[in-house]
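The values are calculated or read from the model by the stated rules, or taken from the named source; none is laboratory data. Being a predicted model, the structure only gives us computed values, none of them experimental. Every residue, glycine among them, receives a Cβ derived from its backbone with ideal geometry; neighbour counts consider all protein chains shown. All accessible areas refer to the heavy atoms of the entire protein, side chains included, with ligands and DNA or RNA removed. Shrake-Rupley method; radii C 1.70, N 1.55, O 1.52, S 1.80 Å.
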Amino acid sequence: IGGQIYMEQTPPQLAEARRFFERAVRACPKSVPVWLCAAECEILDGKFPKARSLLEKARIKNPKSELLWLRGVEVESMDGQERVALHMMSKALQECPSSGVLWAHAIDLEPKPAQNAKSVDALKKCENDADVIVAVAQLFWRDGKIAKARKWFMRAVQLNPALGHAWGGYMAFELSHGDPGQQRDVLRRFCAAEPNQGIRWTKSVKKVKNWRLKWPQKMMAYLQEYWQNVLEFKPLDKEIEALLKGEELPAADVSMEAASAEIKDTKEAKEERKIPAEFFEAADRFSGPRQGWEFKTGSRGLGYYKTDPTKNEPRIKEEPL
């Protein structure tokens, strides 16, 4: 934390931060976050060879770490070594074949014409991984398939409600294509979930200036950092803008919103009521993907629902991008 504080000062005190991290990696060589912070310090200083060397040492001491592989790929991309980045990603997927984080980034690395095919490979390996689902949702969004994009963003936050950048992408999508009611609903569910996972999300919310922010303000800070183009795309609804700034809705609006949520009853929800008990296992938190099961909040509450083979989620291979 001491090193991170020095990095966040204006201007960054990188020499002081570097001394902290040098001591930290000697004391805690098995700590992946410490190695990542040390590499980040060198990246901020523009010393890509040094960052590359640190990450290579870290992978030797911490084999099969998806985060170390991912940062190594990102360093090569930032240094303009796209071919090296692709080669490193190939090695990373060989060592961590079921990493959703790596597969999601592998989709982004591909040229646009090849991204759809790569997403099919990713879904075969990580069908119920929220990172991959978010990447696919963004492909649908890019291709103008709005209904499909919304469905896949919803699926991502149901699979892992704690994944912050899934909520960030979902919110950015609704700010671009949703109405104020849809935007408010996503923001409300995001605040209830209180996400604490995701590389970009944790990097944003753990900045010193964001420590004391309310949840809507954390979302705004994330959008300003990673989705600024969406915020500039069109003016925000005044109520949504006020909520994102941490202001409270008037009592009348809150009661109206609660009433609307209570009476909302879609056809899909009615169908879910028919789910037999043996198709549901209650769970208070997401404990990882399970073959043939989906984690979500359904008619029987929060938990794992067995996939109905006659009503499977549409897959990319069945519905080409």
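Please give the number of the condition residue 48 fails out of (1) at pLDDT below 90; (2) open to solvent by less than 70 Å² (accessible area, probe 1.4 Å).
Going through the list (1) at pLDDT below 90; (2) open to solvent by less than 70 Å² (accessible area, probe 1.4 Å), residue 48 breaks only (1).
Of the conditions (1) over 18 Å from the mean Cα position of the chain (by Cα); (2) within 26 Å of residue 182 (Cα to Cα), residue 149 fails just one. Which one is it?
Here residue 149 meets the rest and fails (1).
Going by the structure shown, is residue 125 open to solvent by 30 Å² or more (accessible area, probe 1.4 Å), touching a Pro at 6+ places or on another chain (Cβ under 7 Å) and within 26 Å of residue 286 (Cβ to Cβ)? So that I can check it myself, show each step before the final result.
Details: open to solvent by 30 Å² or more (accessible area, probe 1.4 Å): yes; touching a Pro at 6+ places or on another chain (Cβ under 7 Å): yes; within 26 Å of residue 286 (Cβ to Cβ): yes.
Yes: the conditions hold for residue 125.
When you look at residue 95, is it charged (D, E, K, R) and touching a Pro at 6+ places or on another chain (Cβ under 8 Å), yes or no? Don't jump to the end; show me each part of the working.
Details: charged (D, E, K, R): yes; touching a Pro at 6+ places or on another chain (Cβ under 8 Å): yes.
So residue 95 fits the description; yes.
I'd like to know if the stretch 236-245 contains one or more residues that are in a helix (DSSP H, G or I), surrounded by 15 or more Cβ atoms within 10 Å (Cβ to Cβ), under 15 Å from the mean Cα position of the chain (by Cα) and not polar (S, T, N, Q).
no
Could you list, in sequence order, the residues of the stretch 53-72 that are open to solvent by less than 60 Å² (accessible area, probe 1.4 Å), assigned to a helix (DSSP H, G or I) and over 13 Å from residue 199 (Cβ atoms)?
Hits for the stretch 53-72 are 53, 54, 55, 58, 59, 72.
Looking at residue 126 and the list (1) touching a Lys or Arg at 6+ places or on another chain (Cβ under 7 Å); (2) modelled with pLDDT under 95, which single condition is not satisfied?
The one condition residue 126 does not meet is (1).
Look at the stretch 179-227 and say how many of its residues are under 19 Å from residue 138 (Cα atoms) and of a type in the set (Val, Ile, Thr).
Adding up the residues that qualify gives 2.
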